[in-house]
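Structure, as structure tokens:
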Amino acid sequence: SKVAWLPDSFGFSWQLPQLFQQAGIEYFVTGKLHWNDSTKFPFGAFWWQSPDGTKLFSVMSPPNVAGVMDTNPITMVNYALDWEKQTGLTDVFWLPGVGDHGGGPSRDMWQVKYCWQNSDFFPKITTTTALEYLTKIKTKLLDKPETIPTWQDELYLEFHRGCYTTHADQKSQNRRCEGLLYEAELWSSLANIISQYSYPKLELEKAWKRVLLNQFHDILPGTSIPQVFVDANQTWDSVQQVTQQIIEEALGAIASQIDFSKIPQKNAKPILIFNSLNWKRSNVVRHSVDSKNWQVYNIEGDLLPSQITFDHQLCFLAENIPSIGYQVFWLCDQENLELLTEAQPKNHQEFVLENTNLKIIINPKTGEIDSLFDKINQKEIMQSAGNQLQFFEDKGQYWDAWNIDPNYAQYPLPNALLKSIEILESGPIRQLIRVIKQFNQSEFCQDYCLEINSSILKIITQVNWQETHVLVKATFPVTLESDEIFYEIPCSAIARSTRPKTAAEKAKWEVPALQWADLSDIRQNYGVSLINDSKYGYDSQPNQLRLTLLRSSIWPDPQADQGLHQFTYAIYPHLGNWQTAKTVQKAYELNRPLQVFIPSVNFNQSKDTDKILLPSAYQFLKFNADNLCLMAFKQAESDPKNWVLRVYEYEGKTAELALENNLNLAIAEWMNLLEKTIKSETIINPWKIISFRLAIQ
């Protein structure tokens, strides 16, 4: 297809021109921004330019009214005059039809057209294809290229702002399935290269198509009827089952190639920690155990600090896990409890979390954050109560599931009441304070979690949500101030104003983002990132970040969001801005935790001197540039002996691609998203998405 035809998506990411162009698309058409509730989109035909500089010829199609585009001559002529005023073009296209429910032009519409198409009074009407029309007007406009305006921003729809939050289960499942598919492709590719593991191409393709189907604009936004979500949830479940099985089998195939001969103790069992991200990382991992007698050793045989958590998990710090790689640790079940530090709650009323980086004080009466203190930089982060849950009446304008009430802030509801607060863990690896709050018929259970050596406070949340027409946000008022805030969008970041002046800026009172938002104060050279694992709606002020957690529409699904929810968000104070603080990496680490794998086969392999086994720690792939993020590593569509590696630049600066690997792979050519050869470059430009074909040398 040469035309991206998206009449009814609820706004469009700034990166779409690049994605479209890399898929061989030359034109983009939508009419959805006619639905704006505050401003009129200024252009009819324009260049839409993405952050990397890619330009795509784009057109705003005619507006529809209640899903119907009739052939009323007065309506058509008025639109034609407006189009000519915007573009200077006398050729205008019209899309007759009953749009909702898939209907094309009706018999009545064609009869009206026949009655007046031969009139000298009205414009001439001809039928054409989208591609023919777009090619014609683009050619005309290129005669005077200075007349084609350029739009360098997202196409934000000033409407349907509730879609970032409604039906939180769909957002959570989507985020999880995207991550599982990435890991399934990655580990099965690596397993195929180093062993006889068969790459599950058919299963992966089916799983991807199921996820893409559920990204339809009334499923993922949560705006469908109840039965749709019954079907969608079955689809999400099937994708998770397939991908988890693929990952388990692929990790098992890799584990079968590892040398486990260096056992630190007689009864030790190996535990493999896999890192699917393309940078070295150190994170706390947890593994279920059946007793309190487990100890953890590293590959040198050194005993590591660990703790048993309140929910019977063995918790330890896995340090310096290689990029796209693994490391072996050893578990030993012994009665030597002197070396094991168990998480024992403190018997006093000071609710404090503290490690070498942060000290957090939780208010015993409210369960909110009284203080978040950066010990290294000697800086208090919270201006007032942090993680305050703010509730608002939200009856919506109309189209309940789609829209947040624009005046919701004028209808605050009482705060949740604290039911209990207790220290659950205070060990050397992880500290945890549990807060339980009640709001009407709903209950929030939030665990403030601080891990060893970490600068991130996690808020692990479980909610039994039983409200209707209520919106809840988590609020963080900070001791910083900035005129703009950065949000993650696909393969890039976007700056939005915290002090809106224009009507278009003021209309962005609820905005979409992916894994993080960051407010950094240039004068203080300091910032705060708000990271999440499944949420998409944010708002901000010059000294405040807010994450929208839940809402509760009742139409078209009367039970939308009723029931149990689990999600995590985290506050990350840091020196410098989001680039220097590596917020992108921290967000990926929250969303894609280290994989714990226990080999199920006999790990004491026979001493076959002819077989070269992998060592106890191994790095499959690494990029020398630290501002590149791996998007995919998969088998090529056209040749099972070739592999496709896809990356993007995520800090807005250039990067040189230097690929290190222990797989005997070399870059054969640069490719587009359709895996067709393109011109090779020496550097990767800011915000660029690049694919490569790798071949075994």
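Here are the numbers:
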item: Residues satisfying the stated conditions in segment 290-325, i.e. over 31 Å from the mean Cα position of the chain (by Cα), surrounded by fewer than 15 Cβ atoms within 10 Å (Cβ to Cβ) and in contact (Cβ under 8 Å) with a residue 40 or more places away in the chain; result: Ser291, Lys292, Asn293
item: Test result for Trp83, in contact (Cβ under 8 Å) with a residue 12 or more places away in the chain, in a helix (DSSP H, G or I) and either closer than 30 Å to Glu510 by Cα or open to solvent by less than 40 Å² (accessible area, probe 1.4 Å) (or both); result: yes
item: Whichever residue in segment 475-485 is surrounded by fewer than 23 Cβ atoms within 10 Å (Cβ to Cβ) and part of a strand (DSSP E or B) and, among such residues, is farthest from the chain's Cα centre (by Cα); result: Pro477
item: Out of Leu457, Leu547, sole residue that is within 26 Å of Tyr156 (Cα to Cα) and either basic (Lys, Arg) or open to solvent by less than 10 Å² (accessible area, probe 1.4 Å) (or both); result: Leu547
item: Selected residue (criterion: surrounded by the fewest Cβ atoms within 10 Å (Cβ to Cβ)) from residues of segment 127-171 that are of a type in the set (A, V, I, L, M) and not in a helix (DSSP H, G or I); result: Ile148
item: Segment 671-682 - residue that is of a type in the set (A, V, I, L, M, F, W, C) and under 26 Å from the mean Cα position of the chain (by Cα) and, of those, most open to solvent (accessible area, probe 1.4 Å); result: Leu674
item: Looking only at segment 433-454, and only at residues there that are among the hydrophobic types (A, V, I, L, M, F, W, C) and surrounded by fewer than 22 Cβ atoms within 10 Å (Cβ to Cβ), the one that is nearest to Pro412 (Cα to Cα); result: Phe439
item: Looking only at segment 1-21, and only at residues there that are closer than 23 Å to Trp687 by Cβ and over 21 Å from the mean Cα position of the chain (by Cα), the one that is least open to solvent (accessible area, probe 1.4 Å); result: Ala4
item: Search result, residues across segment 405-438 that are more than 24 Å from Leu530 (Cα to Cα) and aromatic (Phe, Trp, Tyr); result: Tyr411
item: Odd one out for Lys124 among (1) open to solvent by less than 60 Å² (accessible area, probe 1.4 Å); (2) assigned to a loop (DSSP other than H, G, I, E, B); result: (1)
item: Residue match in segment 402-421 (condition: in contact with a Ser or Thr (Cβ under 7 Å, 6 or more places away or on another chain) and not hydrophobic (A, V, I, L, M, F, W, C)); result: no
item: Members of segment 376-388 that are among the polar types (S, T, N, Q), closer than 25 Å to Gly576 by Cβ and open to solvent by less than 50 Å² (accessible area, probe 1.4 Å); result: Asn387
item: Leading residue by the ranking (least open to solvent (accessible area, probe 1.4 Å)) among those in segment 361-375 that are in a strand (DSSP E or B) and acidic (Asp, Glu); result: Asp374
item: Residue list for segment 486-532, filter: in a loop (DSSP other than H, G, I, E, B), closer than 20 Å to Asp52 by Cα and open to solvent by less than 10 Å² (accessible area, probe 1.4 Å); result: Ala513
item: Members of segment 1-50 that are touching a helix residue (DSSP H, G or I) at 6+ places or on another chain (Cβ under 7 Å) and of a type in the set (Ser, Thr, Tyr); result: Ser9, Tyr27, Ser38, Thr39, Ser50
item: Contacts under 9 angstrom Cβ, first residue in segment 595-622 being more than 16 Å from Ser256 (Cβ to Cβ), partner at pLDDT 60 or above and basic (Lys, Arg), 6 or more apart; result: Val596/Arg286; Gln619/Lys280; Lys622/Lys280
item: Which numbered condition Thr127 fails, given (1) modelled with pLDDT under 95; (2) within 29 Å of the chain's Cα centre (by Cα); (3) of a type in the set (S, T, N, Q); result: (2)
item: Residue match in segment 221-244 (condition: in contact (Cβ under 8 Å) with a residue 40 or more places away in the chain, assigned to a loop (DSSP other than H, G, I, E, B) and over 30 Å from Lys206 (Cβ atoms)); result: no
item: Segment 256-282: number of residues that are open to solvent by 10 Å² or more (accessible area, probe 1.4 Å), farther than 18 Å from Gly179 by Cα and either assigned to a strand (DSSP E or B) or in contact (Cβ under 8 Å) with a residue 24 or more places away in the chain (or both); result: 12
item: Residues that are surrounded by 13 or more Cβ atoms within 10 Å (Cβ to Cβ) and among the hydroxyl-bearing types (Ser, Thr, Tyr), drawn from segment 180-238; result: Tyr182, Ser188, Ser189, Ser195, Tyr197, Tyr199, Thr223, Ser224, Thr235, Ser238
item: Tally of residues being in contact (Cβ under 8 Å) with a residue 40 or more places away in the chain and outside any strand (DSSP E or B) across segment 433-461; result: 5
item: Failed item, numbered, when Gly252 is tested on (1) within 25 Å of Gln566 (Cβ to Cβ); (2) over 21 Å from the mean Cα position of the chain (by Cα); result: (1)
item: Selected residue (criterion: nearest to Ser492 (Cα to Cα)) from residues of segment 22-57 that are among the polar types (S, T, N, Q) and open to solvent by less than 10 Å² (accessible area, probe 1.4 Å); result: Ser50
item: Selection count where residues are closer than 30 Å to Tyr182 by Cβ, outside any strand (DSSP E or B) and among the hydroxyl-bearing types (Ser, Thr, Tyr), scope segment 283-320; result: 1
item: Residue list for segment 559-578, restricted to those being surrounded by 18 or more Cβ atoms within 10 Å (Cβ to Cβ) and farther than 19 Å from Lys473 by Cα; result: Pro573, His574, Asn577, Trp578
item: Index of the failed condition, Glu467 passing every other in (1) surrounded by fewer than 19 Cβ atoms within 10 Å (Cβ to Cβ); (2) under 21 Å from Gly162 (Cβ atoms); result: (1)
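Results for (1) under 19 Å from the mean Cα position of the chain (by Cα); (2) open to solvent by less than 20 Å² (accessible area, probe 1.4 Å), shown as yes or no for each residue.
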{"position": "Asp557", "(1), (2)": "no, yes"}
{"position": "Lys586", "(1), (2)": "yes, no"}
{"position": "Leu590", "(1), (2)": "yes, no"}
{"position": "Phe597", "(1), (2)": "no, yes"}
{"position": "Ser600", "(1), (2)": "no, no"}
{"position": "Pro615", "(1), (2)": "no, no"}
{"position": "Lys622", "(1), (2)": "no, no"}
{"position": "Leu630", "(1), (2)": "yes, yes"}
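Here's the yes/no breakdown for (1) outside any loop (DSSP other than H, G, I, E, B); (2) at positive phi; (3) surrounded by fewer than 20 Cβ atoms within 10 Å (Cβ to Cβ); (4) free of Cβ contacts under 8 Å to residues at least 24 places away in the same chain:
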{"site": "Gln390", "(1), (2), (3), (4)": "yes, no, yes, no"}
{"site": "Trp399", "(1), (2), (3), (4)": "no, yes, yes, no"}
{"site": "Ala409", "(1), (2), (3), (4)": "yes, no, yes, yes"}
{"site": "Asn415", "(1), (2), (3), (4)": "no, no, yes, no"}
{"site": "Ser420", "(1), (2), (3), (4)": "yes, no, yes, yes"}
{"site": "Gln431", "(1), (2), (3), (4)": "yes, no, no, no"}
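The values are calculated or read from the model by the stated rules, or taken from the named source; none is laboratory data. Fair warning: this is a prediction, and the values are worked out from it, not measured in the lab. Note that we place each Cβ from the backbone using ideal geometry, even for glycine, and neighbour counts take in every protein chain shown. To get the accessible areas, we keep the full protein, side chains included, count just its heavy atoms, and leave off ligands, DNA and RNA. Shrake-Rupley method; radii C 1.70, N 1.55, O 1.52, S 1.80 Å.
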